[in-house]
Amino acid sequence: MIKLKHRGPDWSGLHQYGDCYLAHQRLAIVDPASGDQPLFNEDKTIAVTVNGEIYNHEELRKQLPNHTFRTGSDCDVIAHLYEEHGENFVDMLDGIFSFVLLDTRDNSFIVARDAIGVTSLYIGWGLDGSVWISSELKGLNDDCEHFESFPPGHLYSSKEREFRRWYNPPWFSEAIPSAPYDPLALRHAFEKAVIKRLMTDVPFGVLLSGGLDSSLVAAVTARYLEGTNAAKQWGTKLHSFCVGLEGAPDLKAAKEVADYIGTVHHEFHYTVQDGIDAIEDVIYHIETYDVTTIRASIPMFLMSRKIKSLGVKWVISGEGSDEIFGGYLYFHKAPNKEEFHQETCRKIKALHQYDCLRANKSTFAWGLEARVPFLDKEFIKVAMNIDPEYKMIKKEEGRIEKWVLRRAFDDEEHPYLPKHILYRQKEQFSDGVGYGWIDGLKAHAEKHVTDRMMLNAANIFPFNTPTTKEAYYYRMIFERFFPQNSARLTVPGGPSVACSTAKAVEWDAAWSNNLDPSGRAALGVHSSAYGNQVKAVEPEKIIPKMEVSPLGVVI
């Protein structure tokens, strides 16, 4: 449990039945006084540990009139739903969650993870026949012979000893939808997704980069906060947070949005050297060697520490929009609506390995939770049912990336955002915090990875062989923390340009010679594409420390 204490610093819970153990580190957000875990049914024959939020718990309680609840925790409904419906209750949950439920009546257990994988979860197997479940792989790697990422939208039953997909939306088959675009329906679906996430008994805020997605999240939150239970407890003034290098594109845009919607704005600065100093801690916490994820996780990690120091325990964030609406700049080259839609499906399915992993682990490293309304089940259902022809980027018609989302919130009478923010070019988070950030990371890696080392890369790292010095540098650090083969297999690989999947690299022949996950790698699309930027100042040379801190990691 000590390895995951950073994820839940408020309470430690342990329950043992026979050779089954449920352990929980709690971050108390709803009913902090009595909602400690594990949670039980009335006679304590069913026990459950949960990481997440069940937004429709009050509605579900009403469907269980014959049950007595011990706490006001939103997760208290899970054990009782299982009593009533068995394993088939999971799709009734509206929220984000990873849970383990133990049924002592027959000594069985089930494990489930939310639809998209917003919460992190891993499963492992020991040589002695044991099964292990953990929010982070560091809770498994010392005890399991094999472990892997628990698939999103799935349930594992000890009776069948296999995974079963409980989340089966129409878009999952990648069939092309044909529903007409209804901007008001899309707007209302998103507003509902934001409002339901204002469930809290503790202080909260919103991450505001000044880009379209976070600005819409902040604008909708600010507009509807008054009158909610959250406002009654904590006031109607929303706090917003932004991070970046001095002069970063995000900082200016975020301040303008904050002033426009009236938030109490907090701007955090960091230097390239600050970020470099945090690389090892970040890789230990986020448990990946993926270049894009590490680039974006470092500023989010640094910002989360500052936010938590202000007494805030959770934040609303804008992850998921680019995957749903084809917001990454490489979508400009999608050849047709079929390819466009199938790529969005592939991107959503992979979110748990990238942006969801980053948002969850970068924040939970400091006991802070991130909520993501764009990944609301009902909102995804509405957005992914739109005929992708409407999502296609058509410059000649004035349709830039995420046009359907921008148009839905383009309200002349009651504007949500300034026009130029609503139509601001997409910036990936790792770019928006300052273009010098990525250049600084590359320069730092250049000093620690030689050409000779790169010649042997395929022999040293035959799986997901790093093709750049930056990737090689991150991989070295990752392997020192997590040397098991199972650990390296949890990280995705393959060619990518501007965050594309490997399949989408085929859209433009020139991209195969410019494989970099930065948005600036979208040559001919980004206004500051590689080849047009000013040379970055090299950071101070430091020798990376390669020892694991005894203070441990977070889950």
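Observations, loosely collected:
- Per-residue ellipticity at 222 nm, computed for the chain from helices alone with -39500 (n - 2.57) per DSSP H run of at least four residues, works out to -9500 deg cm²/dmol.
- Among the listed values (1) -0.65; (2) -0.74; (3) -0.83, the one matching log10 I(q)/I(0) by the Debye sum over Cα atoms at q = 0.09 Å⁻¹ as calculated from this structure is (1).
- Within the accessible area of the chain (1.4 Å probe), percent carbon and sulfur: 51 percent
- Estimated inter-spin distance, residue 446 and residue 88, nm [label 7 Å along Cα→Cβ]: 6.2 nm
- Nearby lysines by direct alpha-carbon distance to residue 138 (threshold 22 angstrom, same-chain neighbours under 8 apart not counted): 3, 5, 361, 545
- Note on residue 464/residue 142: beta-carbon distance plugged into 1/(1 + (r/R0)^6) with R0 of 25 Å gives a FRET efficiency of 0.65.
- Using a cut-off of 24 Å between Cα atoms, the listed pairs 192/237; 306/447; 337/503 include 306/447 as exceeding that distance.
- Antiparallel bridges, percent of DSSP beta bridges restricted to the chain (to nearest 5): 75 percent
- Of all beta bridges that DSSP places with both ends in region 177-432, some 5 percent have antiparallel geometry.
- Highest-first packing order for the peptide set 240-252, 208-220 is 208-220, 240-252, based on the mean count of other beta carbon atoms within 10 Å.
- Kyte-Doolittle mean at least -1.0, axial Cα span of 24 Å or more - DSSP H helices of the chain: 291-309
- Sites residue 378 and residue 271, calculated FRET efficiency, Cβ-Cβ separation with R0 51 Å, nearest 0.05: 0.75
- Between the C-alpha center of region 369-390 and that of region 490-507 there is a gap of 22 Å.
- Surrounding net charge for residue 194, when Lys and Arg each add one and Asp and Glu each subtract one, Cβ distance under 15 Å: -1
- Accessible surface, per residue, of the chain when the full set of protein chains is kept, probe 1.4 Å, Å²: 40 Å²
- Note on residue 44: aspartates and glutamates with a C-alpha under 16 Å away, same-chain residues under 8 apart excluded, are 36, 76, 83, 84, 103, 106.
- Calculated FRET value between residue 281 and residue 456, using beta carbons and R₀ = 22 Å, to 0.05: 0.20
- Each 10 Å bin, from zero up to the one with the longest distance, holds this percent of the alpha carbon pairs of region 2-168: 10, 42, 39, 9, 0.
- Spin-label proximity, residue 233 to region 68-83 - amide N less than 16 Å from point 7 Å beyond Cα toward beta carbon: 71-76
- Neighbour net charge for residue 94 - beta-carbon separation under 12 angstrom, K R +1, D E -1: -3
- Summarised in one figure, the compactness ratio Rg/Rh of region 96-163, Cα atoms and Kirkwood Rh, is 0.95.
The values are calculated or read from the model by the stated rules, or taken from the named source; none is laboratory data. Given the structure is predicted, the values throughout are model-derived calculations rather than measurements. As a convention, Cβ positions derive from the backbone with ideal geometry for all residues, glycine included, and neighbour counts pool all protein chains shown. Ligands, DNA and RNA are excluded from the accessible area calculation, which covers all protein heavy atoms including side chains. Shrake-Rupley method; radii C 1.70, N 1.55, O 1.52, S 1.80 Å.
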